[in-house]
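See below for the structure under consideration.
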Amino acid sequence: MRASRSGNIWSNVDWLTIGLFLALAIFGWLNIYGASYTFDQTSIFDFSNRAGKQFTWIMGSLLLGLILLLIDNKTYDVVAYVLYGAMLLLLLATPFLARDIKGSLSWISLGPVNLQPAEFAKCVVALTIAKYMGRYEYKIRTWRDLIVPFALIGVPALIIMIMQKETGSALVFAAFLLVFYRQGMSGYVLWMGVAAVALFIISIRWGATPLPLGTGSTGILACMLLLTVVEIYFICKEHRMRWQALILTGSVAFIYSICLLINIWIPMPFDWISMGIVIALVLYNIFVSLYWRKYMLLMVAAFTLFCVGYTHACDIVFTKVLQPHQRIRIEVLLGMKEDPAGAGYNVNQARIAIGSGRFFGKGYLNGTQTKLQFVPEQDTDFIFCTVGEEWGFVGSIGVLLVYLFFILRLIRIAERQRLVSTRIYAYSVASIFLFHLTINVGMVLGLMPVIGIPLPFFSYGGSSLWGFTLLLFILLRMDAARMEQL
């Protein structure tokens, strides 16, 4: 019976997903040709240009996908830890073997070919996470159960960010948080991540803006008010007592009213007052959590105290830790600085290109912004602006809908798995694709900082295409074997 099922591997393969993969890869290839096309260029198969090279990478990815489908699905589980160890060694060696490309030490030259190990690391980490969290006895009950999974994604991310100086590729590993959440991680962890980002943006954007009344910083006061709301919310949420919320909110409002009144005669340091209110709420939170044995509130209190210090340290992180080009990109994104000829050039030109396409686009190979190369990296990180200019709003929405259908299909594949490890791997793949799509398109539209990550199957590059192919076809092989797992 087992052999019979194995023999039907091709009938069990999800051909619809493969069809979506081919559609995205082929349309991406056409747009790479459109982005790199010059008027004296005659053939899309000219291997001296990027379109011809991308065709070679696509053919190679099809061969790679075929090989992955022929390998026994248990092999991926058996070699996961070995591959993880080898991957860490390769990531550590990469900065010493790579040549500097625009400040990044993440590309290894193999003759005429450049490979980026970080692109393949995502697949290896996904396999390792699936193997570790897919064990029968593993359950996420406390924060201790997340130490190893966080280490598995944190170690390669830190190596890539610090040693290889490739921030964009390192941030992709944050996609695994969605997998952890699906497996039972508390939503508080995701909330903490969102809160940390919000506090960073507020403190950087308005940290140097003085208050119109009293003394202090508008950014610090806004952060402390946000933390005040968070503390009151969680205290009342755990006890479900509306009167407590009214008392705490009224007390805070009364204190600020008194300070505003005193401020008429004596300037009041509102940022320090707001910090004192937050700390007082934290102390009350700790007392209540110990009295009622609501230990989750202790985590909230500890995180709030961390955020108080973190808010004041954001300026140090921004000025001392981030690279100059990263700071400028954030400042341009937040409207703190105008740099249309520098850090904001790529995004401005991408917006112009997309906007010039209007509703139906200028037509294939007729994009003036791309032909005249106004948009840097227009066939890699900014490939989506070529879609917007030549295919217009209709074409852009069509591409996004295909991506949406593709990701939803991956989620459906994940939900029908019989093995927990396969389901975890499937959600890892879906999360990585979703992260890449969201960040890349948001970056091109100017909604997110430029961090340089490719659009799956669209952006030019063999490493990214093969990395995504590995992720997808290993999943398809595991999914095809699900009938054997009865």
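The values are calculated or read from the model by the stated rules, or taken from the named source; none is laboratory data. Computed from a predicted model, the values in this text were never measured in an experiment. Every residue, glycine among them, receives a Cβ derived from its backbone with ideal geometry; neighbour counts consider all protein chains shown. Protein only, heavy atoms only, side chains kept; ligands, DNA and RNA dropped before computing areas. Shrake-Rupley method; radii C 1.70, N 1.55, O 1.52, S 1.80 Å.
Points to keep in mind about this one:
- Members of the range 134-155 that are open to solvent by less than 60 Å² (accessible area, probe 1.4 Å) and aliphatic (A, V, I, L, M): 140, 146, 148, 151, 152, 153
- The C-beta contact set for the range 147-163 (first residue free of Cβ contacts under 8 Å to residues at least 24 places away in the same chain and more than 14 Å from residue 94 (Cα to Cα), second residue of a type in the set (Phe, Trp, Tyr) and open to solvent by 20 Å² or more (accessible area, probe 1.4 Å), distance under 9 angstrom, 6+ apart or interchain) comprises 148/132.
- Checking each residue in the range 205-217 for being open to solvent by 40 Å² or more (accessible area, probe 1.4 Å) and not in a helix (DSSP H, G or I) picks out 208, 209, 210, 212, 213, 215.
- Qualifying residue in the range 396-404 (condition: more than 22 Å from the chain's Cα centre (by Cα), surrounded by fewer than 19 Cβ atoms within 10 Å (Cβ to Cβ) and either assigned to a helix (DSSP H, G or I) or in contact (Cβ under 8 Å) with a residue 40 or more places away in the chain (or both)): yes
For every residue, the table says whether it meets (1) basic (Lys, Arg); (2) at pLDDT 90 or above.
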position	(1), (2)
234	no, no
240	yes, no
243	no, no
249	no, no
273	no, yes
279	no, yes
285	no, no
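- Elements of type helices (runs of 4 or more DSSP H) in the range 88-186, at least 3 residues being under 20 Å from residue 427 (Cβ atoms) and aliphatic (A, V, I, L, M): 117-133, 147-158, 176-182
- Whenever a residue of the range 174-198 is buried (at least 16 other Cβ atoms within 10 Å of the Cβ), its partners that are among the polar types (S, T, N, Q), lying with C-beta atoms within less than 6 angstrom and at least six residues away or across chains, give the pairs 175/431; 178/431; 179/428; 179/431.
- If the condition is being open to solvent by 60 Å² or more (accessible area, probe 1.4 Å), farther than 19 Å from residue 472 by Cβ and not polar (S, T, N, Q), then the range 18-45 contributes 39, 40, 45.
- Among the residues here, residue 64 does not qualify as more than 30 Å from residue 146 (Cβ to Cβ) and within 25 Å of the chain's Cα centre (by Cα).
- Flag for residue 247 being part of a loop (DSSP other than H, G, I, E, B), out of contact with any Leu (no Cβ under 7 Å at 6 or more places or on another chain) and open to solvent by 70 Å² or more (accessible area, probe 1.4 Å): no
- Scanning the range 266-307 for residues that are surrounded by fewer than 17 Cβ atoms within 10 Å (Cβ to Cβ) and touching a residue at least 60 places away in the same chain (Cβ under 8 Å) yields 296, 299.
- Evaluation of residue 234 against (1) assigned to a helix (DSSP H, G or I); (2) open to solvent by 60 Å² or more (accessible area, probe 1.4 Å); (3) farther than 30 Å from residue 158 by Cα; (4) among the aromatic types (Phe, Trp, Tyr) (one fails), failing number: (2)
- Single residue of the range 156-173 satisfying the filter (open to solvent by less than 40 Å² (accessible area, probe 1.4 Å) and in contact with a strand residue (DSSP E or B) (Cβ under 8 Å, 6 or more places away or on another chain)) that is farthest from residue 296 (Cα to Cα): 164
- Looking across 460, 425, one residue alone is in a helix (DSSP H, G or I) and crowded, with 19+ Cβ neighbours inside 10 Å. It is 425.
- Tabulated pairs, the range 58-69, first closer than 9 Å to residue 473 by Cβ, second aromatic (Phe, Trp, Tyr) and open to solvent by 70 Å² or more (accessible area, probe 1.4 Å), C-beta under 6 angstrom, 6+ apart or interchain: 61/466
- Considering the conditions (1) at pLDDT 75 or above; (2) assigned to a loop (DSSP other than H, G, I, E, B), residue 338 is excluded by exactly one of them, (1).
- Exclusive hit being over 26 Å from the mean Cα position of the chain (by Cα), closer than 23 Å to residue 302 by Cβ and open to solvent by less than 60 Å² (accessible area, probe 1.4 Å), set 220, 202: 220
- Pairs meeting the criteria (first residue in the range 373-393 and closer than 17 Å to residue 437 by Cα and of a type in the set (Gly, Ala, Ser), second residue at pLDDT below 80 and in a loop (DSSP other than H, G, I, E, B), beta carbons under 7 Å, at least 6 apart or on different chains) are lacking.
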